[in-house]
1. In the set Tyr120, Tyr135, which member is free of Cβ contacts under 8 Å to residues at least 60 places away in the same chain, open to solvent by 30 Å² or more (accessible area, probe 1.4 Å) and under 20 Å from the mean Cα position of the chain (by Cα)?
2. All but one of (1) open to solvent by less than 50 Å² (accessible area, probe 1.4 Å); (2) without any contact (Cβ under 8 Å) to a residue 40 or more places away in the chain; (3) more than 22 Å from Gln46 (Cα to Cα) hold for Ala109; state the number of the condition that does not hold.
3. Can you list the helices (runs of 4 or more DSSP H) found entirely within the stretch 22-130 that contain at least 1 residues being over 29 Å from Arg11 (Cα atoms)?
4. All but one of (1) at pLDDT 95 or above; (2) open to solvent by 50 Å² or more (accessible area, probe 1.4 Å) hold for Ser56, so report the exception by its number.
5. What is the one condition in (1) charged (D, E, K, R); (2) modelled with pLDDT of 95 or more; (3) more than 17 Å from Leu127 (Cβ to Cβ) that Arg79 does not satisfy?
6. With the requirement that a residue be hydrophobic (A, V, I, L, M, F, W, C), under 14 Å from Asp41 (Cα atoms), open to solvent by 40 Å² or more (accessible area, probe 1.4 Å) and at pLDDT below 85, what does the stretch 9-23 give you?
Amino acid sequence: MAGDIREITMRWRADAGAGAGGGLLFEAGAPGRPSVLVDGDGRLAQMLLVAAATCSASDVVLILQKQRVGLEALEVALRGTRREEQPRRYTALHFVFTISGVGVDETKARRAIDLSLEKYCSVVASLASDIHVTYDVALR
């Protein structure tokens, strides 16, 4: 039985400069949906970090809402450490969650973040198991 199947289309942007062959700029998205620019040269946001931060933030929002927190704002800063040699995969991720809302406290925030990073976030769960994942939380 097939699981939940998702689909994207990605196109190389030959007009992106960097000489005769173009750079490593790509356009990607789900069919019929707006696309995003992905920079393989690393000049734009790193999409794996964006995906991990967004995935975890989605979980945290849902979990805090279930805890009856009146969430007003959530920001996630994410720093990834990569190997110097190929493949230049991530070896560590450090999240900083900044949360504000009515009824939010550190216990609720940490519970939501722990559940996300350890159980629910499919992006983090899809990464190599030896990646060191840490976080800090700030309440406003």
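The values are calculated or read from the model by the stated rules, or taken from the named source; none is laboratory data. Keep in mind that what you see is a predicted model, and the values were worked out from it rather than measured. Note: ideal-geometry Cβ built from the backbone for every residue, glycine included; neighbour counts use all protein chains shown. These area figures cover heavy atoms from the full protein model, side chains too; ligands, DNA and RNA do not enter into them. Shrake-Rupley method; radii C 1.70, N 1.55, O 1.52, S 1.80 Å.
1. On the way: Tyr120 fails: free of Cβ contacts under 8 Å to residues at least 60 places away in the same chain.
Matching residue, one of Tyr120, Tyr135: Tyr135.
2. Just one mismatch for Ala109, condition (2).
3. On the way: elements: 47-66, 106-115, 122-126.
By residue number, 47-66, 106-115.
4. Failing condition for Ser56: (2).
5. (3)
6. Filtering the stretch 9-23 down to residues hydrophobic (A, V, I, L, M, F, W, C) leaves 10, 12, 14, 16, 18, 20.
With under 14 Å from Asp41 (Cα atoms) added as a condition, the list becomes 12, 14, 16, 18.
Keeping just the survivors that are open to solvent by 40 Å² or more (accessible area, probe 1.4 Å) gives 12, 14, 18.
Once the filter is applied, which keeps residues that are hydrophobic (A, V, I, L, M, F, W, C), under 14 Å from Asp41 (Cα atoms), open to solvent by 40 Å² or more (accessible area, probe 1.4 Å) and at pLDDT below 85, the stretch 9-23 yields Ala14, Ala18.
Residues are listed down the side, and each one gets a yes or a no for (1) within 14 Å of the chain's Cα centre (by Cα); (2) aromatic (Phe, Trp, Tyr); (3) open to solvent by 40 Å² or more (accessible area, probe 1.4 Å):
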{"residue": "Val50", "(1), (2), (3)": "yes, no, yes"}
{"residue": "Leu71", "(1), (2), (3)": "no, no, yes"}
{"residue": "Thr91", "(1), (2), (3)": "no, no, yes"}
{"residue": "Phe95", "(1), (2), (3)": "yes, yes, no"}
{"residue": "Ser100", "(1), (2), (3)": "no, no, no"}
